[in-house]
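Values in this text are rule-based calculations from the coordinates and carry no lab data. Everything numeric here is computed off the predicted structure, so don't read it as measured data. All Cβ positions, even for glycine, are placed from backbone atoms using ideal geometry, and neighbour counts span all protein chains on display.
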Amino acid sequence: MCPQCLRPMQECSCAAQRAAAPVDAGPIRVSRESKGRGGKTVTLVRGLPLSAAELEALGKQLRTHCGSGGTAKDGVLEVQGDHVERVLAWLLAKGYAAKRAGG
């Protein structure tokens, strides 16, 4: 029996709910980074309170808006290239309280 939902372990859905639940890591930060990427610049979006599937869908829309590639891994959206201002404006227009991080 699962100690949280009191269901048999085969029917337990607690782990799936914890994995799908967004983790509130604080404010949304948009930054530019090139370390460890062979000199290539990427724009990073950290702190989005979304599940993995929602993060992937938002990343797809954002990459389409910027006209570049990228990925979503470990709760961080990566957009290839220096698109900090464009990403920040797009997130603010969508209603997210995003801030620029770094210099």
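Of the numbered conditions (1) in a loop (DSSP other than H, G, I, E, B); (2) in contact (Cβ under 8 Å) with a residue 40 or more places away in the chain, Leu50 satisfies every one except a single condition; which is it?
Exception for Leu50: condition (2).
Give the number of residues within the stretch 42-61 that are under 15 Å from Tyr96 (Cβ atoms), in contact with an Asp or Glu (Cβ under 7 Å, 6 or more places away or on another chain) and surrounded by 17 or more Cβ atoms within 10 Å (Cβ to Cβ).
Filtering the stretch 42-61 for residues under 15 Å from Tyr96 (Cβ atoms) gives 43-50, 54-55, 57-59, 61.
From the residues that got through so far, the ones that are in contact with an Asp or Glu (Cβ under 7 Å, 6 or more places away or on another chain) too are 43-44, 49.
Add one more test, that the residue is surrounded by 17 or more Cβ atoms within 10 Å (Cβ to Cβ), and what stays is 43-44.
Summing the residues that are under 15 Å from Tyr96 (Cβ atoms), in contact with an Asp or Glu (Cβ under 7 Å, 6 or more places away or on another chain) and surrounded by 17 or more Cβ atoms within 10 Å (Cβ to Cβ) in the stretch 42-61 gives 2.
Any residue at all in the stretch 44-60 that's in contact with a Lys or Arg (Cβ under 6 Å, 6 or more places away or on another chain) and either within 16 Å of Ile28 (Cα to Cα) or of a type outside the set (Phe, Trp, Tyr) (or both)? Explain how you work it out, then say what you get.
Let us first name the residues in the stretch 44-60 that are in contact with a Lys or Arg (Cβ under 6 Å, 6 or more places away or on another chain), namely 46-47.
Cutting the leftovers down to either within 16 Å of Ile28 (Cα to Cα) or of a type outside the set (Phe, Trp, Tyr) (or both) gives us 46-47.
Checking the stretch 44-60: at least one residue is in contact with a Lys or Arg (Cβ under 6 Å, 6 or more places away or on another chain) and either within 16 Å of Ile28 (Cα to Cα) or of a type outside the set (Phe, Trp, Tyr) (or both).
One residue is enough: does the stretch 59-80 have a residue meeting the conditions of a type in the set (A, V, I, L, M, F, W, C), in a strand (DSSP E or B), touching a residue at least 40 places away in the same chain (Cβ under 8 Å) and closer than 19 Å to Gly95 by Cα? Give the steps one after another, and end with the answer.
Going through the stretch 59-80, the residues of a type in the set (A, V, I, L, M, F, W, C) turn out to be 62, 66, 72, 76-77, 79.
The next check asks that each one be in a strand (DSSP E or B); those that pass are 72, 76-77, 79.
Restricting the remaining residues to those that are touching a residue at least 40 places away in the same chain (Cβ under 8 Å) gives none.
Checked the stretch 59-80: no residue is of a type in the set (A, V, I, L, M, F, W, C), in a strand (DSSP E or B), touching a residue at least 40 places away in the same chain (Cβ under 8 Å) and closer than 19 Å to Gly95 by Cα.
Looking at the stretch 91-103, can you tell me whether even one residue there is of a type in the set (Phe, Trp, Tyr), surrounded by 13 or more Cβ atoms within 10 Å (Cβ to Cβ), on the phi < 0 side of the Ramachandran plot and touching a helix residue (DSSP H, G or I) at 6+ places or on another chain (Cβ under 7 Å)? Write out each step before concluding.
Of the stretch 91-103, the ones of a type in the set (Phe, Trp, Tyr) are 96.
So of that shortlist, the ones also surrounded by 13 or more Cβ atoms within 10 Å (Cβ to Cβ) come out as 96.
From the residues that got through so far, the ones that are on the phi < 0 side of the Ramachandran plot too are 96.
Subset that is touching a helix residue (DSSP H, G or I) at 6+ places or on another chain (Cβ under 7 Å): none.
Checked against the condition, which is being of a type in the set (Phe, Trp, Tyr), surrounded by 13 or more Cβ atoms within 10 Å (Cβ to Cβ), on the phi < 0 side of the Ramachandran plot and touching a helix residue (DSSP H, G or I) at 6+ places or on another chain (Cβ under 7 Å), the stretch 91-103 yields no hits at all.
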